[in-house]
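K.L.:
To start, I am sharing the structure in question, which I have written as structure tokens.
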Amino acid sequence: MTALVTGGSKGIGYAIVEELAQLGAIVHTCSRNQVQLNESLHQWVTKGYKVTGSVCDVSSRTNRENLISKVSSEFNGKLNILVNNVGTTIWKELLDYTEEDFSFVMNTNLQSAFHLSQLAHPLLKASEAASIVFISSINGVVSINIGSAVYSATKGAMNQLTKNLACEWAKDNIRTNSVAPGAIRTPAADEFLKDEKIVNAYIPRTPLGRFGEGEEVSSVVAFLCLPASSYITGQTICVDGGFTVNGLYIS
């Protein structure tokens, strides 16, 4: 199978690229950082994986169009898997958000995923068996009160987009699902997750009692791209150690 994973040079995206490549997929990924992308590509080539990459800022419409054009050429006009992984945020209280902040987060998280799906539709349809996976967040399912209102709005909208595309594009044999990670240990999040306030707030409300790992997200993404999940579409699956289903428990 062929796959496009955005933002695959680090963190959860890196784990997704590696998981799909291990399963035999031919993967193209992208990153804004050429040096970081080259380092990741070298690691994958050394392992014998079929992974290519290009520099792309998905917040740019022109970059998105160029990316899909490159993928179409590389995969002969067909694409089995699209993983919209890129995401960002600006940690601010809502009253401190500027119009520029709002536009940046909305464009990078939601508009890029919407537009890339739109652009990739002909390639996905041509493959006759395709899967889109949006990397959402538990912030789109429950309220996380740490200055993430706009980020949460993008992820909530992404979950709803998942449902609508699942219904609209089923006729084209395109399944659409969303994976919503909780607190996952990645290089970018590691310092954040060492914050004592975060640890004390999150861990006691997580039944499994720990943060997650990138590979625990990528395995769910890979499952949703395989024939084994052929009757699953329109779903948002939380990978969060039980955080979003935990109520009041008194021992």
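The values are calculated or read from the model by the stated rules, or taken from the named source; none is laboratory data. This one's a predicted model, so the numbers in the text were calculated from it and none came from an experiment. Positions of Cβ are backbone-derived with ideal geometry, glycine not excepted, and every protein chain shown enters the neighbour counts. Heavy atoms of the whole protein, side chains included, go into the accessibility calculation; ligands, DNA and RNA do not. Shrake-Rupley method; radii C 1.70, N 1.55, O 1.52, S 1.80 Å.
K.L.:
How many of the residues in the range 71-97 are in a helix (DSSP H, G or I), at pLDDT below 95 and of a type outside the set (Asp, Glu)? Quick ask: steps written out before the conclusion?
P.N.:
First, pick out the residues of the range 71-97 that are in a helix (DSSP H, G or I): 71-74, 94-96.
Now drop any that are not at pLDDT below 95, which leaves 94-96.
Keeping just the survivors that are of a type outside the set (Asp, Glu) gives 94-95.
The qualifying residues number 2.
K.L.:
Just the residues that are under 21 Å from Thr236 (Cβ atoms) and among the charged types (D, E, K, R), please, taken from the range 173-199.
P.N.:
Arg175
K.L.:
Let me ask something else about it. Which condition breaks for Asp172 when tested against (1) modelled with pLDDT under 95; (2) of a type outside the set (Phe, Trp, Tyr); (3) in contact with a His (Cβ under 8 Å, 6 or more places away or on another chain)?
P.N.:
For Asp172, the failing item is (1).
K.L.:
Are there any pairs with C-beta distances below 8 angstrom linking a residue in the range 175-198 that is within 11 Å of Glu213 (Cβ to Cβ) to a residue that is open to solvent by 50 Å² or more (accessible area, probe 1.4 Å) and in a loop (DSSP other than H, G, I, E, B), with the two at least 6 apart or on different chains, and if so which?
P.N.:
If the second residue must be open to solvent by 50 Å² or more (accessible area, probe 1.4 Å) and in a loop (DSSP other than H, G, I, E, B), the pairs left are Thr186/Lys10.
K.L.:
Continuing with this model, one more query. Across the range 182-217, what is the total count of residues that are open to solvent by 50 Å² or more (accessible area, probe 1.4 Å), at pLDDT 95 or above and within 19 Å of the chain's Cα centre (by Cα)?
P.N.:
Result for the range 182-217: 3.
K.L.:
How many residues, within the range 123-150, are in contact (Cβ under 8 Å) with a residue 40 or more places away in the chain and either within 23 Å of Pro227 (Cα to Cα) or open to solvent by 40 Å² or more (accessible area, probe 1.4 Å) (or both)?
P.N.:
18
K.L.:
Taking the options Ser40, Ser59, Ser54, name whichever one is hydroxyl-bearing (Ser, Thr, Tyr), touching a Phe, Trp or Tyr at 6+ places or on another chain (Cβ under 8 Å) and either open to solvent by less than 20 Å² (accessible area, probe 1.4 Å) or part of a strand (DSSP E or B) (or both). Break it down stepwise before answering.
P.N.:
Numbers: Ser59 fails: either open to solvent by less than 20 Å² (accessible area, probe 1.4 Å) or part of a strand (DSSP E or B) (or both); Ser54 fails: touching a Phe, Trp or Tyr at 6+ places or on another chain (Cβ under 8 Å).
It is Ser40.
K.L.:
Report, by residue number, each residue of the range 158-181 that is at negative phi and either open to solvent by 40 Å² or more (accessible area, probe 1.4 Å) or among the charged types (D, E, K, R) (or both). Walk me through how you get there before you give the answer.
P.N.:
From the range 158-181, those at negative phi are 158-172, 174-181; that's our starting set.
Result: Gln160, Lys163, Asn164, Cys167, Glu168, Ala170, Lys171, Asp172, Arg175.
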